[in-house]
Structure formats: structure tokens, C-alpha cells
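Before any comments, here is the structure.
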Amino acid sequence: MKAQSKAQQRAAGAALAAKRGEAEPGELQGASAGMYADMTEAELEEIASTPHDDLPERAD
């Protein structure tokens with residue numbers, strides 16, 4: 001699965017950092033908190049690593 005927007009990519013990156021213990025899970029909000037709870041580290045890695053050159057800031 002690829003990120004659909006830059007915002008989704010950033011949320012996945014924040015959730016991935018929490019999964020890896022680099023950030024506190026309690027500090028996550030909104031989409032990143034949901035991603036943290038619902039996705040595996042591998043899924044988050046795939047979304048967070050999407051090249052963002054052609055992505056919109058937000059998905060419609």
C-alpha cells in the first residue's frame with residue numbers, strides 16, 4: 001500500500017516511530033494514533049517510505 005498524500009505519509013512515519021520505541025505512543029493523535037493501533041510495523045514502513053514528489057498535501 002502506498003501513501004495517498006503527504007499528510008498520510010507523515011502520519012505513518014509518526015506511528016512507525018512509536019512502534020519502534022523512538023516516540024511515545026501516548027503522544028500520537030488522529031490518523032497516526034489509528035495507524036499505530038491498526039497496522040504492523042511493515043505496513044507502516046511501506047506507507048512512510050512512499051516517494052512524496054508527486055503526492056498532494058492532502059487526499060480528497
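Of the residues LEU28, LEU16, LEU44, which exhibits the maximal mean-square fluctuation in a Gaussian network model of the chain defined by a 10 Å Cα contact cut-off?
LEU28
Could you check how much of the accessible area of the chain is carbon and sulfur, as a whole percent, using a 1.4 Å probe?
So the carbon and sulfur contribution to the accessible surface is 47 percent.
Restricting to DSSP H runs of at least four residues, report the calculated mean residue ellipticity at 222 nm for the chain, -39500 (n - 2.57) per run over all residues, nearest 500 deg cm²/dmol.
The helix-only estimate for the chain comes to -15500 deg cm²/dmol at 222 nm.
By how many nm would the segment from GLU43 to GLN4 grow when fully extended, if each residue of separation counts as 0.36 nm and the alpha-carbon distance is taken off?
Stretched fully, the GLU43-GLN4 segment lengthens by 12.6 nm.
What is the P(r) of the chain, as percent of Cα-Cα pairs per 10 Å bin from 0?
Calculated over all Cα pairs of the chain, the distribution is 28, 55, 17, 0 percent.
In Å², what does the accessible area per residue of the chain work out to with a 1.4 Å probe?
66
Where is the GNM fluctuation largest for the chain (alpha-carbon springs, 10 angstrom cutoff): ALA33, ALA14, ALA48?
ALA33
The values are calculated or read from the model by the stated rules, or taken from the named source; none is laboratory data. This structure is a prediction, so every number in the text was calculated from the model and none was measured. Just so you know, the surface numbers come from the protein's heavy atoms only, side chains and all, with ligands and any DNA or RNA stripped out. Shrake-Rupley method; radii C 1.70, N 1.55, O 1.52, S 1.80 Å.
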